[in-house]
Amino acid sequence: MAGGAMVSSVGPNKSYSGGMTFYVFWAILVASCGGLIFGYDIGISGGVTSMQPFLMKFFPSVYEKEIGVQNTNQYCTFNSETLTLFTSSLYLAALVASFVASTVTRKFGRKISMILGGFLFLIGAVLNGIAFNVAMLYIGRVFLGVGVGFASQSVPLYLSEMAPCMYRGRLNVLFQLMITIGILIANLVNYGSDKIKAGWGWRLSLALAAVPALIVVLGASFLPDTPNYLIDSNKHKEAKAVLKRIRGTDDIDEEYNDISLASEASKLVNDPWKKILERKYRPHIIMAALLPGLQQLTGINVVMFYAPVLFKTLGFGNEASLASAVITGGVNVAATFVSVALVDRKGRRFLLIEGALQMFIFQVIVGSLIWAKFGTSGVAMVSQPYAIGVVFCICCFVAGFAWSWGPLAWLVPSEICPLEIRSAAQSITVAVNMLFTFIIAQIFPWLLCNAKFGLFYVFAFFTLVMASFVWYYLPETRGVPIEEMWSVWKEHKVWGKYIPDDVMETEKIGKPSEEV
Ligand code: BGC
């Protein structure tokens, strides 16, 4: 990770001085820990909701179904609205919080938003760890959700603004890498805490969320804010110093000027929410909303939240279910490294299309395997080789997601928008992601009970839609400087007509461009 003054060749018509420095790498690594809190929560809830002492205490009717007091087919064991609301309430809170975070991030900085996110998450972790009734459980989850909303709004922006553009893809993917590490750690914690005979393992699982929260709060306190935010809030001296330090060179004038021009344009905008409705931002807003929405329609969170539940449905024992969740979690982390390696070489489009097709194939196979065994009655015994086959296919599906739509549905929205709408657009991304996560979490147990194996075919259908969407509509953004993105939209055959001819010039001198 050498520092020093190398020239990064960027975009069709730009090159900035400076390369990757240890300092920027370190700052990005610390900031990306914001992904840990998100991931920890995703991984912990599925495991906790499959622990019997937890169910007995808070959701006795689900417990009774599970131990067979009530008769039910296996597809329907976990179909309880209160239980799913436990998982999904967090996402509603995160959705609302992401809009508040947009203003905080824009006005007070990316750093403050990250610290606030960590702090609120910490409160949620404590409340959940000591919960003695369902109300405390839910209030805790609202705090956790607000924390996740703030962190996922500010961290991807921070990463994209700090990174040298030629490494932006792989550095931004660190956010997703931390999400996956958070999920895996949570899976391991669940595996261990389930073994605590005294029945308080679930408390340990929930309370340990405080650890990643503390890492975020303490880590982010030592970070500089991004040059883009500093320039935007008239802290020019500090901005120059940060830019020199993160690029490892004194020759930062060109990049500094480009950010300043973008900031001038951005200052003319009083209300980014009104601005974002202008025609020239149509492509940005569509991508900011559709990429995270489609990401969730892959069905990934059925695996992430409910892997232990799903494996139990398949007839695995308690321990085997949690162990399988650890396996899928491990594959999720490992495959994200593939994205780190390829995203700036092969580009965003290649990964998104390949990943979608891979997910399609394995969703269809998983659906068919479950169909063949459980049919529609949902009653079956599965042999060990059969179960291993299902877990293997789920792993291939997870890998396809982990190197494509997982990281890129965060990366692309954070890099395509001009400064004046960047924070608002990122909130749309977070809000849509959370909304769809909420919907999927909420309806999965119901869908599993009613659509049965067909559920997997529904998700498979969406992955095909996703591959075609990227093929036709998403331009390649690899290596293009973030403040030069207009040229990418202008050259695109579908989106070009939305972008005024003079947009590049007018944006730079800060005049609103003519509408086409
Ligand atoms: C998604 C999460 C998902 C995770 C899995 C993230 O990009 O937004 O919903 O659980 O990836 O690794």
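The values are calculated or read from the model by the stated rules, or taken from the named source; none is laboratory data. From a predicted model like this one, the values you see are computed outputs, not experimental measurements. Neighbour counts are summed over all protein chains in view; Cβ atoms, including those assigned to glycine, are modelled from backbone coordinates with ideal geometry. Just the protein is used for accessible areas: all its heavy atoms, side chains included, with ligands, DNA and RNA removed. Shrake-Rupley method; radii C 1.70, N 1.55, O 1.52, S 1.80 Å.
At a glance:
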quantity	calculated
Matching residues in the stretch 448-472 - criterion: being at pLDDT 95 or above, more than 14 Å from M359 (Cα to Cα) and among the hydrophobic types (A, V, I, L, M, F, W, C)	F469, V470, W471
Candidate set from the stretch 491-516 (those that are buried (at least 19 other Cβ atoms within 10 Å of the Cβ) and not in a loop (DSSP other than H, G, I, E, B)); member that is modelled with the lowest pLDDT	E507
The stretch 379-393, residues that are assigned to a helix (DSSP H, G or I), in contact (Cβ under 8 Å) with a residue 60 or more places away in the chain and in contact with a helix residue (DSSP H, G or I) (Cβ under 6 Å, 6 or more places away or on another chain)	V390, V391
Test: residue in the stretch 245-256 that is among the polar types (S, T, N, Q) and within 16 Å of the ligand (Cβ to nearest atom)	no
Near pairs, Cβ below 9 angstrom, 6+ apart or cross-chain, from the stretch 196-207 (assigned to a helix (DSSP H, G or I)) to any residue that is basic (K, R)	G201/K195; W202/K57
Options N228, N187: the member that is open to solvent by less than 20 Å² (accessible area, probe 1.4 Å), closer than 30 Å to G47 by Cα and at pLDDT below 95	N187
Among residues of the stretch 97-120, those that are of a type in the set (F, W, Y) and either open to solvent by less than 10 Å² (accessible area, probe 1.4 Å) or not in a helix (DSSP H, G or I) (or both), counted	0
Boolean, G219 is open to solvent by 10 Å² or more (accessible area, probe 1.4 Å), in contact with a Pro (Cβ under 7 Å, 6 or more places away or on another chain) and touching a residue at least 12 places away in the same chain (Cβ under 8 Å)	no
Flag if A334 is within 15 Å of the ligand (Cβ to nearest atom), of a type outside the set (V, I, T) and over 22 Å from N187 (Cβ atoms)	no
Test: residue in the stretch 423-433 that is modelled with pLDDT of 95 or more, buried (at least 20 other Cβ atoms within 10 Å of the Cβ) and over 19 Å from the mean Cα position of the chain (by Cα)	no
Any hit, the stretch 451-473, residues being more than 24 Å from the chain's Cα centre (by Cα) and among the small types (G, A, S)	yes
Inter-residue pairs, beta-carbon under 6 Å, first under 15 Å from C395 (Cβ atoms) and in the stretch 323-347, second open to solvent by 10 Å² or more (accessible area, probe 1.4 Å) and not in a helix (DSSP H, G or I), 6+ apart	A335/W403; V338/W403
Lone qualifier among I443, I439 - being surrounded by fewer than 19 Cβ atoms within 10 Å (Cβ to Cβ) and within 13 Å of the ligand (Cβ to nearest atom)	I439
Residue within the stretch 379-386 that is open to solvent by less than 10 Å² (accessible area, probe 1.4 Å) and either within 19 Å of F311 (Cα to Cα) or within 16 Å of the ligand (Cβ to nearest atom) (or both) present	no
Any hit, the stretch 162-171, residues being of a type outside the set (V, I, T), within 30 Å of K244 (Cβ to Cβ) and not in a helix (DSSP H, G or I)	yes
In the stretch 141-163, the residues that are surrounded by fewer than 24 Cβ atoms within 10 Å (Cβ to Cβ) and within 15 Å of the ligand (Cβ to nearest atom)	none
Residue, farthest from the ligand (Cβ to nearest atom), within the stretch 274-302, restricted to residues that are aliphatic (A, V, I, L, M) and open to solvent by 10 Å² or more (accessible area, probe 1.4 Å)	L277
Residue tally, condition away from the ligand (no atom under 11 Å from the Cβ), in a helix (DSSP H, G or I) and either hydrophobic (A, V, I, L, M, F, W, C) or in contact with a His (Cβ under 9 Å, 6 or more places away or on another chain) (or both), over the stretch 400-421	5
Those residues of the stretch 121-140 which are among the small types (G, A, S) and crowded, with 20+ Cβ neighbours inside 10 Å, in sequence order	G124, A125, A131, G140
